[in-house]
């Protein structure tokens, strides 16, 4: 009898007092491991996968170039062909050297020597534009490049 | 009287909601760092003197418009590329006693593959329409071939993975003395299997 009585008793409410703490810990975790988005994407940018990728050691001295097909809303302006995006704008291949040299000039002296160009290229883009960019970079003696990839099987790129 | 002295308790029930809002804000406005990739060194533009290379020392990899792979004149699947590249690099065709004999090579010593790893050149061709994804996939396989061979030699010589040595070298906690030692070891392994990937389209060679 006593037992059955106990069962009918309502369960005590789960204390949610520590919920804010848990959420705060999550919050701090995300604040520390992420970086603020500095630019909006103007181009499609699905990076290819690679297993052997190495982490870029220094975050200083990195010039990011994104290459991909322009997003739908920019198609009327720049067309359908793959475009280069540097910081928040589209640039043409022949303007590339000027812009990159400008960015190099703005860098502190000690970063210039280790300047790396990180190519974030959409995996569907043809190699033509990538080759053009590489040729341009060679001409201004910026030889360190990095093909940005995500961790994964290379097979999935095909 | 005692009621007047008591400070009313602040209701903390909405604290979780506030924290959740903040959390969602940070999730939306930030990105996880994706700064990893295949690092490459382009050759300087000054015209490098032409060198004559024996055909057996060249490993031709070609990617066509449809992202199909042709290796040494044969159609190949991407999965088999690494094995083939390793066999080529590790061949060590120069026979014993001759200059350039590769002591550490464990390959078949075939007559149509490379003389020694130092002479072996991988020649990667692609068209303008080849997709970047396919190109990276191939680069990845080639780097994997080099890395596996380097790992093998590194384990034999120093009992440590090549990749592990590299990570340790770039680690901030490693002392300068250790770094000196590591640098020498890494350099040694790199000279055993130097990465020579040639791209006619942009002439990329590597580390």
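Structure values in brief
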read-out: Residues located in the stretch B:112-129, provided they are within 14 Å of chain A (Cβ to nearest Cβ), in contact with a helix residue (DSSP H, G or I) (Cβ under 8 Å, 6 or more places away or on another chain) and closer than 16 Å to residue B:198 by Cβ; value: B:124, B:126
read-out: Contacts under 8 angstrom Cβ, first residue in the stretch B:24-49 being more than 7 Å from every other protein chain (Cβ to nearest Cβ), partner at pLDDT below 85 and part of a loop (DSSP other than H, G, I, E, B), 6 or more apart; value: B:43/B:203; B:43/B:204
read-out: Filtered residues of the stretch A:129-158 (kept if part of a helix (DSSP H, G or I) and facing chain B (nearest Cβ under 7 Å)); value: A:130, A:131, A:134, A:135, A:137, A:138, A:139, A:154, A:155, A:157
read-out: Residue B:157 surrounded by fewer than 19 Cβ atoms within 10 Å (Cβ to Cβ) and either within 14 Å of chain A (Cβ to nearest Cβ) or in a helix (DSSP H, G or I) (or both); value: yes
read-out: Residue satisfying all of: in the stretch A:45-61; farther than 24 Å from residue B:25 by Cα and touching a residue at least 60 places away in the same chain (Cβ under 8 Å); surrounded by the most Cβ atoms within 10 Å (Cβ to Cβ) among these; value: A:48
read-out: Test: residue in the stretch A:58-66 that is at pLDDT 85 or above and outside the structural domain of residue A:115 (by TED's automatic domain parsing); value: no
read-out: Residue within the stretch B:80-95 that is without any contact (Cβ under 8 Å) to a residue 60 or more places away in the chain, part of a strand (DSSP E or B) and in contact with a helix residue (DSSP H, G or I) (Cβ under 8 Å, 6 or more places away or on another chain) present; value: no
read-out: Residue within the stretch A:31-42 that is crowded, with 16+ Cβ neighbours inside 10 Å, assigned by TED's automatic domain parsing to the domain that holds residue A:143 and not in a strand (DSSP E or B) present; value: no
read-out: Matching option when the condition is part of a loop (DSSP other than H, G, I, E, B) and surrounded by 13 or more Cβ atoms within 10 Å (Cβ to Cβ), among B:123, B:104; value: B:104
read-out: Selection count, the stretch B:76-111, where residues are at negative phi and away from chain A (no Cβ under 14 Å); value: 23
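The values are calculated or read from the model by the stated rules, or taken from the named source; none is laboratory data. As the structure is a prediction and not an experimental result, all values here were calculated from the model. Counting neighbours? That spans all protein chains shown, and the Cβs are built from the backbone with ideal geometry, glycine included.
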